[in-house]
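Contents: one structure, followed by commentary.
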Amino acid sequence: MTKRGDKYKWKIGAAPPSIDHHSLVKHQIVREYLGRYIKVLMSNYNIEKLVLSIVDGFAGGGEYTAPDGGGYSPGSPQIVVDTVTEQEALLNIGRDKPRKVDAKYYFVEQHRSTCAYLNALLAAKYGSVRLGRDIISVQGAFDAHVHNINQDIIRRQGGERAIFLLDQYAYDQVPVPLIQKIFTEVDKPEVILTFGVDSLISFLADNSKSRKTMEKLGLDSHIDWASLESLRSAPPAVWRSAIQRNLAKGLIESSGATHSTIFYITPMGNTSWTYWLVHLSKNYKARDVMMELHWEMANHFSHYLEPDLFTLGYRAGSDRGATLQNDMELGEAHHFDAIASEKCKKGLGEKLVPLIFDCHEPIEFRQLTQSIGSLTPATAGMIKESLDQAIRCGEVLVTSQDGKTRTRGSSVKPGDRLQAKQSPLIFFS
Ligand SMILES: C[S@@+](CC[C@H](N)C(=O)[O-])C[C@H]1O[C@@H](n2cnc3c(N)ncnc32)[C@H](O)[C@@H]1O
């Protein structure tokens, strides 16, 4: 198993580790997502306060040596504190009555000297008075502290909105039961998890060691062990596809989350190391915001599933190469670019119109997106676009809650009701 931990050690008095390209991408996502999360939840001007907890379970030392070697790049702890501060300032532009993001931060770091570095940095940047108050720093393993952190979140007045950043090195420090614990104990959690799927692939084989590791991770029942060996000599793309189908299903079904995005990040630069960025939530809107980010940061993301609607849970019998059947694509990489977007919308249009037709009763757009859930790379906006042609030509009738007829895909609202136009019955006399 590839352990990359030694690369990241912080020590007071020594230069912090250099930042990798993949960390920069990850940081950009965390910054953007958190900013949008706050904007969405505070979009109603009458809301004066958002109570939010941010848990950085694998915090690191808080800063890096910048890519060009001069100066410093912020680590995730600084990124979350600074993003919340910036968003709060933006919310208050032109306001007399202040609006507040009442955030509490929990930073967990196992390595003693890294944690000491982080504490010194946090005190210097934000003032030692905040340590122990709204900025909690804990030295130790995340799994040993998660329960107490969850309880503290629950005790906070004003809701249990919490974002957990679980930035493990490889794949084995955040087993599914740990995620389940978060989703069971906290009311409104979201998890942003990194999962070193390439490290897993290079380790995975049908032997007792692999089986034991996957059992500990809570994912063994989702692995198609029988076909694993036959895939061993296959190109990486085939592996990535099979693993994405197996493990994505396992993570989605077992985590307690109802919505997810599980896609590959292939960092640019001189590394071929690929990992998953997993976002788990109980909220479709949250998933949609993350999905929009994937499309905006197209050149970093890819997936190996269908371009429009996913079939998760790979089994060898569905592999075209193994069975010569044409029912499932294996090994084709899709990026989040213009070509993928067109393919996705075209495919969705072809699949969703018959689905709406089969409903017999009108279906709310909200219900449609919920039922497709996470089984698509499309955002809600793209789903609307995919139905545009059918709506324009009257094949799908869309009625707003106040009885108006929509004539374009882009004007569809969550509460609108969609119905396929029934073909008139033809009588022959
Ligand atoms: C990839 S680095 C984190 C980088 C940081 N999230 C950032 O973006 O700046 C992972 C960190 O987790 C720490 N770590 C490893 N195992 C841990 C565990 N079980 N609990 C908490 N921290 C752990 C490591 O010492 C290391 O500092």
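The numbers here are math on the coordinates, done by the rules we state, and not lab data. Worth saying up front: this structure is predicted, and the values here are computed from it rather than measured. A quick note on method: Cβ atoms are made from the backbone with ideal geometry, for glycine too, and the neighbour counts reach across all protein chains shown.
Once a ≥ b ≥ c are taken as the square roots of the eigenvalues of the Cα gyration tensor of the chain, is the result rounded (a/c under 1.5), prolate (a/b larger than b/c) or oblate (a/b not larger than b/c)? Judged from the Cα gyration tensor, the chain comes out oblate (a/c at least 1.5, b/c at or above a/b).
Spatially, the range 61-87 and the range 148-223 are offset by 25 Å when compared through their Cα centroids.
For the pair the range 99-139 and the range 335-412, the centres of their Cα atoms are 45 angstrom apart.
Here the extension length gained between Ser128 and Lys188 equals 18.6 nm, from 0.36 nm per residue of separation less the Cα-Cα distance. A straight Cα-to-Cα reach below 22 Å connects Lys346 with the lysines Lys384, Lys413, Lys421, residues fewer than 8 places away in its own chain not being considered. Panel order for Lys7, Lys346, by other beta carbons found within 10 Å of each beta carbon, from fewest to most: Lys7, Lys346. Seen through its C-alpha gyration tensor, with square-root eigenvalues sorted a ≥ b ≥ c, the range 1-146 comes out prolate because a/c lies at 1.5 or above while a/b is bigger than b/c. Using the Cβ-Cβ distance between Asp402 and Ala237 with R0 = 51 Å, the FRET efficiency computed as 1/(1 + (r/R0)^6) comes to roughly 0.55. Sorting Thr184, Thr194 by the number of Cβ atoms found within 10 Å of their own Cβ, with the fewest placed first, yields Thr184, Thr194.
Packing-based ranking of 333-339, 398-404, 134-140, 53-59 yields 53-59, 134-140, 333-339, 398-404, ordered from highest to lowest mean Cβ neighbour count within 10 Å. Under 24 Å of direct C-alpha separation, and excluding same-chain neighbours fewer than eight residues apart, Lys49 reaches these lysines: Lys39, Lys97, Lys100, Lys104, Lys188, Lys282, Lys285.
From helices alone, the chain scores -13000 deg cm²/dmol at 222 nm; the rule is -39500 (n - 2.57) for each run of n ≥ 4 DSSP H residues, then divide by the residue total.
What ranking, highest mean first, results for peptides 209-215, 230-236 when packing means the other Cβ atoms within 10 Å averaged over each residue?
In descending order of packing, they fall as 209-215, 230-236.
Charge tally around Ser410: other residues with Cβ under 13 Å, Lys/Arg +1 each, Asp/Glu -1 each, net +3. Once backbone amide H atoms are built at 1.01 Å from N, Ala103 has Leu52 as its partners under 5 Å, excluding neighbours fewer than 5 places away on the same chain.
Sorting Cys115, Cys344 by the number of Cβ atoms found within 10 Å of their own Cβ, with the fewest placed first, yields Cys115, Cys344. Taking a Cβ cut-off of under 14 Å around Met297, the surrounding Lys, Arg, Asp and Glu residues balance to a net charge of -1, with basic ones at +1 and acidic ones at -1.
Of all DSSP-defined beta bridges confined to the chain, some 50% are antiparallel rather than parallel.
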